[in-house]
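Read-outs: derived from the displayed coordinates by stated rules, not from any lab. From a predicted model like this one, the values you see are computed outputs, not experimental measurements.
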Amino acid sequence: MADNKEVGVDSTLGNTVNESIHSVLTNFGNFQQKRILSENSQRKIICVEGTFSDKEGSAIVLLEKKPFSEEILKNTLTAESVVNKEFSNDIYGFYECFPKEKYNGVKATVIHPATEKHIIKYLSQEIHLIEETAELYKSITLPFLENETFSIQWVFNILEHKKEADRIIFEDPSPDIGFILLPDLKWDAKQVEDLYLIAIVHQKDIKSLRDLNDKHLPLLKNIKEKGIKTIEEKFRLPGSQLRIYVHYQPSFYHLHVHFTYLKYDAPGIFTEKSHLLSTIIENIELMPDYYQRVTLPFVVKETDNLFLKYEEKGMIKRRSV
Ligand code: G7M
C-alpha cells in the first residue's frame, strides 16, 4: 500500500491545504506543542495542537498506538526485543518490552495548516443529542447545510482518480449505482484487525441518509453486494464479520458507506450515529420515503454551527453550571 501523503488532511472543513509540510516532514524536531486537544486512553490516541517553527500557521498532530498485526507480533516475540523486568510475584511477572524500532511505530496524522474549525473538531467538549424530526430537518438542518460551504474537494479528487488512486480497492464506474471502495484514512491497511474502508458513491446529489428513498435501492444493494464480495476476496473476511453502516450526521455531505471489521470498535459506531446499511435497505423497502418521514437522532458538539442553530431556535439548552 503506497504512503498516503494527504493523510489527515480534512478538506471538508473548507480551507486550502498547504501540502509543503508533508513533503519535508521527517521528524518532529521543529514541532512546538501548545496544548492537548483531546486524549483517549482506551483508544490510545492523543491529539495535540502546536506549530512547526519553520512554517506559518497552527498544526494538529494525532498520535495513535497501532493494533498488533500478525507481522508485529511475529517480530516482537523474538530475541531482538529488549525485556525489562518491573517486578514479579509468585508465578506472575511484569515486564516492559521494547520491540525493534520497525515494529514499534505509532500512527501519526498531521494537519497543517490547521484552521480554527479543525482545532474545534478535535477539541474535547460537551456534546448533545438532537432528535431531528422531518420538520426540524426542513426548517433548521437543511437551510443550514445549504448555507454552509463544505469543501469536499478531497472526495472529488478520489472520484476523479486525482488522489489516492493507488489505494482504490474496487470501483464500479456506473454513474447511477457505482462507487469507489478504498481504505478510510484511519486505516493503514496493514492488518484486518482494524479494517476500515469507505465506499464513496459516484452520484453527486445524495447529501446524506435523509435523502435516501426507493430510487436509491439499486445503488445501496450494489454497494452492499460488491463491497462484501471485494472484501471477502481481498481480505478473506466474510460478510458476516463486517459492520456496514452510514453515519448521521456525516462529516461531509456526499453519500458514503463505512465498512469495518465487526470485532473492531471503530470510532463512531455508537447507536446515536450509525445506521446499518441492511436496516436502511429494509426500512426503505417497507416504506419508500421512510428517511424523509422518520425522526433521526444525531450528536453535535457545543461549538458546532448546527448546535448553535438549534440553540438559537430554543430547541436545545446547555448544561447549567
Ligand atoms: O462521519 P463520516 O461518515 O462523514 O465519515 C467520513 C470518513 O471519511 C471518516 O471516517 C474519515 O476518516 C474519512 N476521510 C476523511 N478524509 C478527509 C479522507 C481522505 O482524504 N481520504 C480517505 N480515504 N478517507 C477520508
(request) Please work out the Cα center distance from the stretch 65-101 to the stretch 231-296, rounded to the nearest Å. (result) 37
(request) Decide, for the stretch 185-321, between rounded, prolate and oblate: order the square roots of the alpha carbon gyration tensor eigenvalues as a ≥ b ≥ c, take rounded if a/c falls under 1.5, and otherwise choose prolate if a/b is larger than b/c, else oblate. (result) oblate
(message) Between 0 and 90 degrees, rounded to the nearest ten: what's the tilt of helix 217-235 against the longest Cα principal axis of the chain?
(response) 20
(request) Select from Leu220, Leu308, Leu212 the residue whose mean-square fluctuation is largest in a Gaussian network model of the chain (Cα-Cα springs shorter than 10 Å). (result) Leu308
(message) Report the per residue volume, in Å³, of the convex hull enclosing the C-alpha atoms of the chain.
(response) 187
(request) Given a cut-off of 26 Å, name the pairs among Lys162/Lys273; Lys107/Lys229; Lys190/Lys229; Lys44/Lys74; Lys190/Lys263; Lys66/Lys273 whose C-alpha atoms lie farther apart than that in the structure shown. (result) Lys162/Lys273; Lys107/Lys229
